[in-house]
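Colleague: Quick one: this structure, given as structure tokens, is what I'll be asking you about.
The values are calculated or read from the model by the stated rules, or taken from the named source; none is laboratory data. Note that the coordinates shown come from a computational prediction; the quantities given were computed from them, not determined experimentally. Because the Cβ atoms are built from the backbone with ideal geometry, glycine has one as well, and the counts that use them run over all protein chains shown.
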Amino acid sequence: MKLLITGGAGFIGSALCRYVIEETDHSVVNVDKLTYAANLDSVSSIASDERYAFERADIADADAMADIFARHAPDAVMHLAAESHVDRSITGAADFIQTNIVGSFVLLEAARAYWDKLPSGRKDQFRFLHVSTDEVYGSLGAEGLFTEKTAYDPSSPYSASKAASDHLLTAWHRTYGFPGLISNCSNNYGPYHFPEKLIPLVTLNAMQMKPLPVYGDGSNVRDWLYVRDHARALLLILQKGALGEKYNVGGNNERTNLQVVHAICDTLDEMKPADRSRRSLIEFVTDRPGHDARYAIDSTRLQSELGWKPEENFESGLAKTVAWYLANERWWKPLREAKYDGQRLGLLKHA
């Protein structure tokens with residue numbers, strides 16, 4: 001099976017590309033615009049494989065998408081290309097609207113046109129998986145979990161743009177019979193994560209004994225999913241999921257942000273001791289506008305219907321992640337020097 005994976009040079013997309021090439025006999029066409037958060041070094045280990053191809057293109061470019069479908073003739077699409085950092089969406093929403101909504105629309109139309117012309121056998125087998133986020137559901141209270149039936153209630157420009165693209169996929173399935181399905185995941189972490197997100201930012205700052213910023217009082221709760229477990233789930237959903245349906249993917253690892261930071265500090269103190277505890281580097285900073293209190297995923301459907309379960313718990317996944325950053329300065333140092341040095345993002349400026 002030939003998979004067209006959009007956003008395959010990003011964090012989750014590159015993990016998916018590596019998983020497919022390393023663990024299956026499928027082939028991959030990686031389509032990525034190569035924005036600031038994309039990094040071809042994240043797929044360098046598979047770049048020479050004959051089953052892997054890369055296309056630099058914008059999913060919002062209709063001509064480019066039509067050409068890629070025509071030349072590569074994929075059997076399925078896994079759509080991960082997106083602007084994804086909430087803080088950046090607060091001060092620069094336009095890119096999120098353009099890529100996450102307009103780009104998803106253009107890609108859907110290119111895929112539908114291609115699918116319409118496939119011979120009956122291949123047309124029946126074609127699938128389009130839209131990869132989304134638990135942030136479309138909004139915020140939970142102290143109890144309960146997000147299920148596939150939870151109503152959408154996005155709080156940020158990022159989550160609103162992802163909610164819109166989810167609705168596009170659902171509408172294309174219902175209106176045109178397009179063979180699409182959706183996954184919604186909790187917070188991912190693991191190797192090759194761009195350093196603006198919580199775990200890589202704190203890990204790299206702590207390695208360098210720099211301040212560790214924690215929003216508000218650190219009580220916001222997230223469910224953490226190891227990225228390779230997510231890649232396994234995505235391929236399973238694509239192959240066995242019911243068309244027109246949604247599947248939540250969670251790691252069953254709820255932690256407050258402060259607990260996450262403490263865990264990173266303690267792990268680094270053990271792996272690379274410093275002259276003082278890294279917990280002493282923690283600084284509480286002004287909270288993010290519209291910061292949802294708690295996310296927690298119920299992945300019962302995915303586990304019971306499709307047989308998936310995470311292989312990593314938070315402790316084992318975090319240990320692998322921290323060890324990877326310690327061993328791979330060549331990957332993250334150029335990013336810290338040229339693209340993102342750890343500065344605060346997402347602060348509103350008032351006149």
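Colleague: Which ones in the stretch 299-315 are within 25 Å of I264 (Cα to Cα) and either part of a loop (DSSP other than H, G, I, E, B) or without any contact (Cβ under 8 Å) to a residue 40 or more places away in the chain (or both)?
Modeller: Initial filter on the stretch 299-315 (within 25 Å of I264 (Cα to Cα)): 309-315.
Correct list: K309, P310, E311, E312, N313.
Colleague: To continue, here is another question. Hey, any hits in the stretch 323-332 for a residue that's at pLDDT 95 or above and in a strand (DSSP E or B)?
Modeller: For the stretch 323-332, residues at pLDDT 95 or above and in a strand (DSSP E or B): absent.
Colleague: Is it true that A15 is part of a helix (DSSP H, G or I), modelled with pLDDT of 95 or more and of a type in the set (G, A, S)? Steps first, please.
Modeller: On the way: part of a helix (DSSP H, G or I): yes; modelled with pLDDT of 95 or more: yes; of a type in the set (G, A, S): yes.
Criteria met by A15.
Colleague: Taking interchain pairs and intrachain pairs at least six residues apart, which have beta carbon atoms under 6 angstrom, with the first residue in the stretch 1-24 and farther than 19 Å from Y189 by Cβ and the second among the β-branched types (V, I, T) and at pLDDT below 95?
Modeller: none
Colleague: Ok, one more. Which number in (1) more than 22 Å from T147 (Cβ to Cβ); (2) buried (at least 19 other Cβ atoms within 10 Å of the Cβ) marks the one condition that M209 misses?
Modeller: (2)
Colleague: Test A60 against the criterion of being small (G, A, S) and either under 22 Å from the mean Cα position of the chain (by Cα) or surrounded by 18 or more Cβ atoms within 10 Å (Cβ to Cβ) (or both), and give yes or no.
Modeller: On the way: small (G, A, S): yes; either under 22 Å from the mean Cα position of the chain (by Cα) or surrounded by 18 or more Cβ atoms within 10 Å (Cβ to Cβ) (or both): yes.
So A60 passes the test.
Colleague: Kindly indicate whether R278 is surrounded by 21 or more Cβ atoms within 10 Å (Cβ to Cβ) and more than 19 Å from the chain's Cα centre (by Cα).
Modeller: Values: surrounded by 21 or more Cβ atoms within 10 Å (Cβ to Cβ): yes; more than 19 Å from the chain's Cα centre (by Cα): yes.
Spelling it out, R278 is indeed surrounded by 21 or more Cβ atoms within 10 Å (Cβ to Cβ) and more than 19 Å from the chain's Cα centre (by Cα).
Colleague: Moving to a separate point now. Could you list, in sequence order, all residues of the stretch 39-73 that are within 14 Å of L107 (Cα to Cα) and either in contact (Cβ under 8 Å) with a residue 40 or more places away in the chain or hydrophobic (A, V, I, L, M, F, W, C) (or both)? Reasoning before the result, please.
Modeller: Going residue by residue through the stretch 39-73, those that are within 14 Å of L107 (Cα to Cα) are 57-70.
A57, D58, I59, A60, D61, A62, A64, M65, A66, I68, F69, A70 - these are the residues of the stretch 39-73 that are within 14 Å of L107 (Cα to Cα) and either in contact (Cβ under 8 Å) with a residue 40 or more places away in the chain or hydrophobic (A, V, I, L, M, F, W, C) (or both).
Colleague: Right, here's the next one. What residue, among those in the stretch 252-270 that are among the β-branched types (V, I, T) and buried (at least 19 other Cβ atoms within 10 Å of the Cβ), is farthest from G216 (Cα to Cα)?
Modeller: The initial filter retains those residues of the stretch 252-270 that are among the β-branched types (V, I, T), namely 256, 260-261, 264, 267.
Restricting the remaining residues to those that are buried (at least 19 other Cβ atoms within 10 Å of the Cβ) gives 260-261, 264, 267.
Details: V260: 14, V261: 13, I264: 18, T267: 23 Å.
Filtering first and then ranking leaves T267.
Colleague: Can you run down the residue pairs with Cβ atoms below 9 Å, 6 or more apart or on separate chains, where the first is in the stretch 212-229 and in contact (Cβ under 8 Å) with a residue 60 or more places away in the chain and assigned to a strand (DSSP E or B) and the partner is buried (at least 22 other Cβ atoms within 10 Å of the Cβ) and of a type in the set (K, R)?
Modeller: L212/R278
Colleague: Give the stretch 274-298 a look and list any residue that's assigned to a loop (DSSP other than H, G, I, E, B) and touching a residue at least 40 places away in the same chain (Cβ under 8 Å), or say none. Spell out how you get there, then give the answer.
Modeller: Going through the stretch 274-298, the residues assigned to a loop (DSSP other than H, G, I, E, B) turn out to be 274-277, 286-293, 295-296, 298.
Correct list: A274, T286, D287, R288, P289, G290, H291, D292, A293, Y295, A296, D298.
Colleague: In the stretch 88-110, is there at least one residue being modelled with pLDDT of 95 or more, surrounded by fewer than 24 Cβ atoms within 10 Å (Cβ to Cβ) and in a loop (DSSP other than H, G, I, E, B)?
Modeller: No, there is no match, as no residue in the stretch 88-110 is modelled with pLDDT of 95 or more, surrounded by fewer than 24 Cβ atoms within 10 Å (Cβ to Cβ) and in a loop (DSSP other than H, G, I, E, B).
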